[in-house]
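Following: one structure in structure tokens, then a few remarks.
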Ligand code: F6R
């Protein structure tokens with residue numbers, strides 16, 4: 001990877017995780033190298049995308065790369081999750097986020113943008129079927145919740161879980177209330193999310209973490225036991241994970 005700060009490798013030889021620690025404010029600027037490399041090598045790559053605050057700078061940096069000649073418009077995008085219960089044209093739903101923040105700036109047409117939706121097992125199965133039909137995810141971008149969630153796989157999620165409807169943890173709803181004018185009651189109680197097993201099927205995973213609020217979760221995910229209580233710890237079982245984390249998020253790592 002170019003442009004990265006010196007990398008450290010926690011538990012080297014024991015997991016497939018490589019940690020890249022970067023100064024605060026530099027997560028997106030460093031992560032873009034990793035994604036741009038994949039896209040340059042495979043313009044038709046299937047990119048798994050997280051929503052939320054952490055990857056915003058990465059997506060903006062990727063769009064800037066496009067204006068400098070990186071071909072991004074042949075990619076397919078697959079989102080991790082979506083709220084249940086917001087109206088179709090609600091600006092806070094993740095389909096809107098993915099279209100506005102990623103697909104449009106990268107020139108990716110709607111028919112290659114896949115966001116889970118619906119409320120039934122059949123909807124979830126159809127989404128899984130869709131991912132299989134496109135040959136799987138080449139590179140999955142993830143954020144991490146304060147409670148260690150990935151996607152909306154909250155504490156207690158099974159390692160083998162697939163796309164399904166879940167209830168959102170109180171910690172998650174409080175964290176996301178900032179996108180609902182601070183009104184906790186307005187934050188949906190349920191979501192449809194890729195499962196842990198679905199996420200681990202991706203060929204490569206790029207986990208981004210920024211801020212002091214993620215430090216405990218990151219420590220537990222990288223150095224704690226693999227446990228349902230910290231769904232991000234399941235990443236220790238994946239052979240090809242890069243974690244890009246800022247100094248604040250690394251505060252509790254040795
Ligand atoms: C979003 C998602 C979540 C977020 C996580 C961190 O699609 O699946 O797991 O990645 O909640 O969110 P931010 O980046 O807003 O702190």
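Computed quantities for the displayed model
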quantity	calculated
Where labels lie 7 Å past Cα in the beta-carbon direction, separation of residue 179 and residue 100 in nm	1.0 nm
Contour minus Cα-Cα distance for residue 159 and residue 37 (0.36 nm per residue)	41.0 nm
Net length gained if the chain between residue 74 and residue 132 were fully extended (0.36 nm per residue, minus Cα distance)	19.0 nm
Cα-projected label distance for residue 146 with residue 252, points at 7 Å along beta-carbon direction, nm	1.2 nm
Mean Cα-pair separation over length for the chain, i.e. relative contact order, pairs under 8 Å, 6 or more apart, %	25 percent
Rounded if a/c under 1.5, otherwise prolate or oblate - the chain, Cα gyration tensor axes	rounded
Listed peptides 126-132, 150-156 by packing density, highest first (mean Cβ within 10 Å)	150-156, 126-132
The range 124-254: relative contact order as a whole-number percent, Cα under 8 Å and 6+ apart	31 percent
Mean separation of Cα contacts under 8 Å (6+ apart) over length of the range 30-151, as relative contact order %	33 percent
Anisotropy class of the range 1-144 from Cα gyration tensor, a/c 1.5 cut	prolate
Antiparallel bridges, percent of DSSP beta bridges restricted to the range 77-230 (to nearest 5)	60 percent
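Laboratory data are not the source of any read-out in this text; all were calculated from the coordinates shown. Small disclaimer: the values here were computed from a predicted structure and weren't measured. All Cβ positions, glycine included, derive from the backbone under ideal geometry; neighbour counts span all protein chains shown.
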